[in-house]
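Visitor: Below you'll find the structure I mean.
Here, each number is a calculation from the coordinates, and none is a lab measurement. Here the structure is a predicted model, which means the values were calculated and not measured. All Cβ positions, glycine included, derive from the backbone under ideal geometry; neighbour counts span all protein chains shown.
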Amino acid sequence: MTAQQSDFAAAMDKIVADCNDRLEWVRFSKNDLTKESARVLIEQWSSFTRHSRQCWAYVVGNCPHVEVRKFVVTENLYEEEAQEGHSHFEILARMGMALGLSRDQIVNATPLPTTVVSMRCWEALTKNRTWYEGLAAKSVLERTNNPACGNFSHYQSEYWTRQLGLSKDDTEFWWMHDSVDQIHGDGSLKLLEKYLTTDAEKQAALRAAEESMMAWQIYFDGFYYEGIRRSNARR
């Protein structure tokens with residue numbers, strides 16, 4: 001915990017960092033990344049990116065606080081979707097096409113069972129729980145890109161460039177998340193700290209964060225093992 005962090009913020013970050021340390025993908029992608037496994041990630045992330053906006057909309061719909069709603073709409077829904085030709089999905093698709101996937105393969109990729117299960121978990125956490133449980137569940141996914149929590153996208157941009165021969169333009173999806181999720185994740189955490197006033201609320205938010213990271217591990221394990229299977233099939 002840094003000197004500036006509250007106990008609540010430190011607990012949130014520990015949940016994220018512990019999950020990052022468990023991910024097989026993190027270990028594998030450092031030096032053993034293959035085009036086959038990278039393509040699987042992109043196929044599965046295409047479903048996640050489009051599903052994510054629905055989850056954010058549930059958080060907005062459940063939240064009574066204007067400040068929180070404005071933040072989510074501006075920093076997540078608008079920033080991720082409304083910039084013509086520059087939505088997060090479009091940037092992901094460009095990275096996939098640089099790896100040899102067609103746009104149709106990305107848009108119409110079949111979600112793995114693990115992807116479906118994870119998305120159903122995030123849907124339940126944001127639709128059927130309190131607004132702050134939903135915000136906690138979504139914000140920890142962004143905090144995976146915080147330096148204290150694993151710096152996921154920062155390292156992926158380096159790994160994909162070094163091992164797959166992609167350019168900085170090709171990997172914009174990763175380095176963009178490395179920067180914007182610092183704003184998103186920090187902003188959401190500050191709002192949770194501001195509006196959660198009881199221990200019961202904070203504990204509920206932390207539990208939702210834990211469940212969200214359980215889904216994150218299931219999601220990543222799915223395309224890690226599918227990527228290994230496809231890579232071995234080509235040998």
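Visitor: Taking mean projected area of the Cα convex hull in nm² straight from the coordinates, which label in (1) 12.2; (2) 13.9; (3) 13.1 is the correct one?
Guide: (1)
Visitor: What percent does the relative contact order of the stretch 25-139 come to when contacts are Cα pairs within less than 8 Å and at least six residues apart?
Guide: Taking the mean separation of contacting Cα pairs over the length of the stretch 25-139, I get 39 percent.
Visitor: In nm, to one decimal, how far is the modelled label at Asp186 from the one at Glu67, with both set 7 Å along Cα→Cβ?
Guide: Once both label points are built, they end up 1.7 nm from each other.
Visitor: When you count, for each residue, the other Cβ atoms within 10 Å and take the mean per peptide, how do 24-34, 6-16 rank with the highest first?
Guide: In descending order of packing, they fall as 6-16, 24-34.
Visitor: Using a 10 Å cut-off on Cβ atoms, rank the peptides 165-174, 143-152 from the highest mean neighbour count down.
Guide: The peptides rank, most packed first, as 143-152, 165-174.
Visitor: Add -39500 (n - 2.57) for each DSSP H run of 4 or more in the chain, then divide by its residues: what number comes out at 222 nm, to the nearest 500 deg cm²/dmol?
Guide: Computed ellipticity for the chain at 222 nm equals -24500 deg cm²/dmol.
Visitor: How much net charge surrounds Met119 when only the other residues with a Cβ under 15 Å from the Cβ of Met119 are counted, with Lys and Arg +1 and Asp and Glu -1?
Guide: For residues surrounding Met119, the net value is +1.
Visitor: Count the net charge of all other residues whose Cβ sits under 14 Å from the Cβ of Tyr224, scoring Lys and Arg as +1 and Asp and Glu as -1.
Guide: Summing Lys/Arg as +1 and Asp/Glu as -1 gives 0.
Visitor: Now for a separate question. In whole Hz, with x marking every Gly and Pro, tabulate ³J(HN,Hα) for the stretch 105-114 from phi via Karplus 6.51 cos²θ - 1.76 cosθ + 1.60, θ = phi - 60°.
Guide: In residue order, the calculated couplings are 5, 7, 5, 10, 4, 7, x, 5, x, 5 Hz.
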